[in-house]
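The values are calculated or read from the model by the stated rules, or taken from the named source; none is laboratory data. Treat the numbers as computed from the prediction; the structure is a model and nothing was measured. Positions of Cβ are backbone-derived with ideal geometry, glycine not excepted, and every protein chain shown enters the neighbour counts. Accessible surface areas use protein heavy atoms only, side chains included; no ligands, DNA or RNA. Shrake-Rupley method; radii C 1.70, N 1.55, O 1.52, S 1.80 Å.
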Amino acid sequence: MKIKIFASLTIVAFMLTFTKAHAQTQSSQALEAKISGIIKKLTIEEKISMLHANSIFGTAGVPRLGIPGLMTDDGPLGVREDLKEGWASANLTTDSATFFPNGSALAATWNPGLAYRYGHDMGEEARWRKKWIMLVPAFNIARTPLCGRTYEYYSEDPFLNSRLAVQAVNGIQGQGIAACVKHFAANNQEVERGRVSVELDERTLREIYLPAFKAAVTEANAWTIMSAYNKIRGVYCSENPYLLNTILKDEWKFKGIVISDWGGTHSTVNAANNGLDLEMGSGGNYSKYFFAQPLLDSVKAGKVSMAVIDEKIHRILWVMYHTVMATNPPAGKINTPEHSKTAYDIAAESIVLLKNEQHLLPLNTSGLKSIAVIGDNATEMFHLGGFGAGVKARYEVTALAGLQNRLGKAVAINYAQGYSGVYKPQRRDTSNKYNKPDTALIAQAVAAAKKSDYAIVFVGGNREWESEARDRKDLTLPFGEQQLVDAVTAVNAKTIVVVVAGAPYDLGKIKKNNSTVVWSWYNGSENGNALADVLLGKVNPSGRLPFTFPNELKDSPAHALNAYPGTDLKVEYKEGILVGYRWFDTKKIEPMYCFGYGLSYTDYKYATLQTAKKSYSKTENITATIKVTNTGKYAGKETVQLYISKPNSAVERADKELKAFKKVSIAAGQAANVTLSIPVKDLAYFDNKTNKWVVEPGKYTLLVGASSRDIKGTASVVVK
Ligand code: BGC
């Protein structure tokens, strides 16, 4: 009987799958027919008009055939406000949006589910604003802590990046909005980004700089991708046949549009033949763009074939049929309470507790009379600023407002500015003249700290200090913040330092001298509420650092090897695959804070790591299980991190590499059995000689930990 039921269920399942697949084939056939029908009707002039920008974020449609234009818009912080030509605000009152936490904040949650919600909600807002291509997510690898866009990007680890990128893309595209994953590829510094050539070996490219792009394309089917400004091996990414045609379109079977970064196209014939589909930029005479009149001329001169043009039009129409021309698209929404909740949840899970030696946190409010809230970053808003994309936030709760909201009138808040975070540099000015302490502001802060039970000092960067188009010069805290922290700490033993930033800073002195340190980010519309909830213990901090903080800049690989920002417009990635913790761990260099680090108000105990089997074939998945017990008083979320190491490898290997992780909620006194799965194929290295992925047979060590350096247990498996 059981067998019979099983057999009929199997048949039904098969038929359902068959019917679904058949329906899909039929609908994709119908779509193909529609697209080729349109291509036949378009004149060459109309086709060319679809291949380049005609406004700061838009392209022309073909009204004769009912084809609309395509509007793109920036993230990643949210759907950007409308701009006029020349990048000035259009001064509308209808273009405010939810401000989502910055990229490295999202990465610090180590929660792909939140990346999905971020994408979903931004997709809904983009629909409402009629922006069919969102220029997100951005996830270039944090190769140097100085990169001005570190705050926009995710992390230094390709695996963490991949898991977040896939979910962000799924979330956005589920709303019928194309994600544009960027910047493809190896755009890891802002200095000379428009001219520098990145020199790196194939293994490094494949293992470090491409995996998240590959995952976004092959797993999440990203509909568009943005070519980076820089060159790779001497060839601009926007006209790089190896990157765009060989890898992206042939190997990964990318079906969507390759979009240039704004003003990042450098030729007509090369770019057209080597894989670029759409030239974007802002300003100037759009009809003179490389993909405008010059492309028309090149087609007429036989330098670019009609087949090449038609393929581009096919890609554009294919994306349009999934977005602006889709039937029954989901409805758009803007600034909803659900979107605020997503912004709040990301912020709440992103905050990293770095030090809590005296257990000042969570703040004990019983008998609490006064708190000094000190520092410009307590009142600063982060949705706009600097050069590059921001969002006109419908609202942004500052840290000060968040504390006031949560504490009410019962606790007196004594605010002092402490320093002025004003920084209006020329685009490439990275001088340190902004580092001088303001003695008058510090004196006011000291007075406020003296008369308060606790002092919370907010320091860090801001959206001017960390910005697109420039890198920071060093890791020093700006605006005399260190002097402020020192002065306040000297007069109030209950001083809590909150660093608000999107990239690593030098916290050496604070780590040594201060008992209590919290790391927060450019944390979106709900910034202050989430932070106050963490400080007051309503939320148990669960953020984990998505990148290594070096003790000194020269400990970081690119700087240790003098391989940044390059010479003669070439930057050699001499560290190869040893980026981030891979370098620190392999070279046994102690970081200030390691990758994956973060404390909690509770404690977790890890039992013995177990694997389902001891030996695996190359097509299997390794299953590892560990019991984690919350032994403390607070419910919490622990991120279990699984690294692998390959002893006696035939090739150079990093000491360890992240291969799986899972964030789990565990009530106080309870335990969770955490199961992690690693496909054996993910243990492969890329062989420079054969240009292939190779899974080495032999013994591998699995290391489970609460961070890359807090390893709680190991187990070995053999790959046959
Ligand atoms: C940035 C892109 C952005 C584009 C449009 C460029 O400067 O590199 O990330 O999407 O401008 O604003």
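Values computed for the structure shown
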read-out	value
Dipole of the chain, positive direction: furthest Cα of GLY174, TYR151, VAL79, with charges on the beta-carbon	GLY174
Rh (Kirkwood; distinct C-alpha pairs) - the range 194-278, Å	12.8 Å
Relative contact order (percent, whole number), the range 649-720, Cα cutoff 8 Å, 6+ residue spacing	20 percent
Relative counts (whole %) of C-alpha pair distances in the range 70-113, using bins that are 10 Å wide	24, 43, 23, 10
Amide H contacts of ASP687 (H built 1.01 Å from N, under 5 Å, at least 5 apart or other chain)	LYS692, TRP693, VAL694
Potential lengthening between GLU357 and ASP474 on full extension [0.36 nm per residue; Cα-Cα distance subtracted]	39.3 nm
For the range 525-570: rounded, prolate or oblate by the Cα gyration tensor [a/c cutoff 1.5]	prolate
Taking the chain and dividing mean pair separation by its residue count, relative contact order in percent (alpha carbons under 8 Å, at least six apart)	14 percent
Positive-end extreme of charge dipole, the range 310-404 - chosen from LEU363, ALA331, ALA343 (charges on Cβ)	ALA331
Estimated dipole of the range 134-258 in Debye, rounded to 20 [Cβ of Lys and Arg +1, of Asp and Glu -1, Cα centre]	220 debye
Global geometry of the range 445-485, whether rounded, prolate or oblate, following the gyration tensor of its Cα atoms and the 1.5 cut on a/c	prolate
Bins of 10 Å from zero: percent of alpha-carbon pairs in the range 125-230	16, 47, 29, 7, 0
Order by protection proxy (mean Cβ within 10 Å, highest first), peptides 261-268, 110-117, 687-694	110-117, 261-268, 687-694
Normalised per residue, the volume of the convex hull around the Cα set of the range 125-171 (Å³)	75 Å³
Calculated log₁₀ intensity ratio I(q)/I(0) where the Debye formula runs over C-alpha points of the range 286-423, q = 0.16, 0.19 Å⁻¹	-1.08, -1.31
LYS34-LYS130 FRET efficiency (beta carbon distance; Förster radius 25 Å; 0.05 resolution)	0.70
Unsatisfied cross-links (Cα-Cα over 20 Å) in the set LYS509/LYS588; LYS131/LYS424; LYS182/LYS333; LYS214/LYS614; LYS182/LYS214	LYS509/LYS588; LYS131/LYS424; LYS182/LYS333; LYS214/LYS614
With 5 Å bins from 0: P(r) over the range 248-342, alpha-carbon pairs, percent	3, 11, 18, 18, 16, 12, 9, 6, 4, 2, 1, 0
Globularity ratio of the chain, using Cα Rg and 2.2 N^0.38 Å	0.97
From phi via Karplus (6.51, -1.76, 1.60), per-residue ³J(HN,Hα) for the range 374-382 in Hz, x at Gly/Pro	10, x, 4, 5, 6, 10, 6, 10, 10
Model label zone, LYS333; criterion: amide N under 11 Å from point 7 Å along Cα-to-beta-carbon; scope the range 124-142	124-125
Dipole axis of the chain (+1 Lys, Arg; -1 Asp, Glu on Cβ), positive-most option in TYR522, VAL352, GLN670	GLN670
On Cα atoms only, tilt of 306-322 relative to the major axis of the chain in degrees	50 degrees
Alpha-carbon gyration tensor eigenvalues x 5, square-rooted, for the range 349-492, Å	28, 19, 14
Rounded to 10°, Cα long-axis angle of helix 158-173 versus longest principal axis of the chain	60 degrees
Cα extents of the range 34-94 along the three principal axes, largest first (Å)	40, 21, 19
Dipole magnitude of the range 598-652, debye to nearest 20 (Cβ charges: Lys/Arg +1, Asp/Glu -1, about Cα centre)	180 debye
Per residue solvent-accessible surface (Å²) - the range 577-720, probe of 1.4 Å	44 Å²
Largest-first principal axis extents, alpha carbons of the range 42-166, Å	48, 35, 29
Amide H contacts under 5 Å for PHE382, placed H, 5+ residues apart	none
Over the chain: helical MRE at 222 nm, DSSP H runs n ≥ 4 each giving -39500 (n - 2.57), nearest 500	-8500 deg cm²/dmol
Mean Cβ count within 10 Å, highest first, over the residues of peptides 667-675, 541-549	541-549, 667-675
Size of charge dipole - the chain - debye, nearest 20, with Cβ of Lys, Arg +1 and Asp, Glu -1, no other charges	1540 debye
ALA326/SER677 FRET efficiency (R0 35 Å; Cβ-Cβ; nearest 0.05)	0.55
Environment charge at LEU363 (Cβ cut-off 13 Å; Lys +1, Arg +1, Asp -1, Glu -1)	+2
